[in-house]
Each structure stands twice: as C-alpha cells, then as structure tokens.
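Q: Before we start, here is the structure in question, set down as structure tokens.
The values are calculated or read from the model by the stated rules, or taken from the named source; none is laboratory data. Computed from a predicted model, the values in this text were never measured in an experiment. Positions of Cβ are generated from backbone atoms using ideal geometry, with glycine treated the same way; all protein chains shown enter the neighbour counts. Heavy atoms of the whole protein, side chains included, go into the accessibility calculation; ligands, DNA and RNA do not. Shrake-Rupley method; radii C 1.70, N 1.55, O 1.52, S 1.80 Å.
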Amino acid sequence: MKQCTHADALPHPEPRALNETCPECLAEGMHPVQLRLCLSCGHVGCCDSSPGRHATEHHKESGHPVMRTFEPGEEWRWCFVDHVLV
C-alpha cells in the first residue's frame with residue numbers, strides 16, 4: 001500500500017489558516033465549493049470541485065505537499081505528491 005512520504009516533515013503545530021475562505025475565489029468573484037488548508041503555510045484554497053481549483057494550484061506553484069480539509073466535522077488529509085490520504 002502506497003504511503004505519504006511527506007507527513008513526518010509537516011510543521012507541528014499545524015500552521016494557522018491565513019484566511020477564512022479562498023482569497024483567489026473572492027478576488028475572481030467565485031464561490032468556493034469546499035475549502036482546503038495547506039499544512040505547510042496555512043494557505044486556504046478551494047477544492048477541485050470548485051471552478052478555480054485553487055488548493056491544487058497552490059500546490060503546483062508552491063510545491064507544498066500536504067493539505068487537509070478545512071470543512072467543519074471533517075478530518076482527512078491529502079498528499080498531492082504521493083496521491084494518497086494521509
């Protein structure tokens with residue numbers, strides 16, 4: 001079973017969210033569908049179901065490997081590099 005090779009390098013504690021919602025969506029006049037938190041820097045971006053796909057774009061631009069859901073009641077994390085749940 002494939003595993004994330006980046007989880008051990010994540011900062012502890014987690015970074016604080018830089019925003020309450022996706023700033024790129026706000027700037028573009030779009031409404032994010034679901035929010036994701038970058039576990040390297042705290043950037044909040046929208047999921048791939050949103051038109052902007054800003055969480056994935058943040059990963060592509062920054063190289064930050066792992067994000068977690070920023071939705072209330074959800075706890076999962078995703079590694080963009082290894083393509084696995086963490």
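Q: Assuming 0.36 nm per residue, please report the length gained on full extension of the stretch residue 28 to residue 12 beyond their Cα-Cα distance.
A: Going from the current span to full extension adds 2.5 nm.
Q: OK, next. Based on the mean of other Cβ atoms within 10 Å per residue, sort peptides 10-16, 40-46 so the most packed one is first.
A: In descending order of packing, they fall as 40-46, 10-16.
Q: Looking only at Cβ-Cβ distances, which cysteines of the chain have no other cysteine closer than 4.7 Å?
A: Cysteines of the chain left without a disulfide-compatible partner: 38, 41, 47.
Q: How many nm is it between the label spots at residue 74 and residue 41, if each spot is 7 Å from the Cα in line with the beta carbon?
A: Those two pseudo-labels are separated by 2.2 nm.
Q: What do you reckon, how do 37, 85 stack up by accessible area (1.4 Å probe), largest on top?
A: 85, 37
Q: Once every DSSP H run of n ≥ 4 in the chain is given -39500 (n - 2.57) and the sum is divided by its residues, what mean residue ellipticity at 222 nm do you get, rounded to the nearest 500 deg cm²/dmol?
A: After summing the helix terms and dividing by residue count, I get -4500 deg cm²/dmol.
Q: Express in Å², to the nearest 10, the accessible area of residue 8 obtained by rolling a 1.4 Å probe over the protein heavy atoms while all chains stay in place.
A: 150 Å²
Q: Turning to a different aspect of this structure: Using all Cα-Cα distances in the chain, what percent lands in each 10 angstrom bin from 0 up to the longest?
A: 19, 54, 24, 3, 0
Q: Here is a further query. Determine the share of the chain's accessible area contributed by carbon and sulfur atoms, expressed in whole percent, with a 1.4 angstrom probe.
A: The computed percentage sits at 52.
Q: Given charges of +1 on the Cβ of Lys and Arg and -1 on the Cβ of Asp and Glu, with all other atoms neutral, how large is the dipole of the chain about its Cα centre, in debye to the nearest 20?
A: In total the dipole reaches around 160 debye.
Q: Residues of the chain: accessible area per residue at 1.4 Å, in Å²?
A: Heavy-atom SASA per residue in the chain reads 62 Å².
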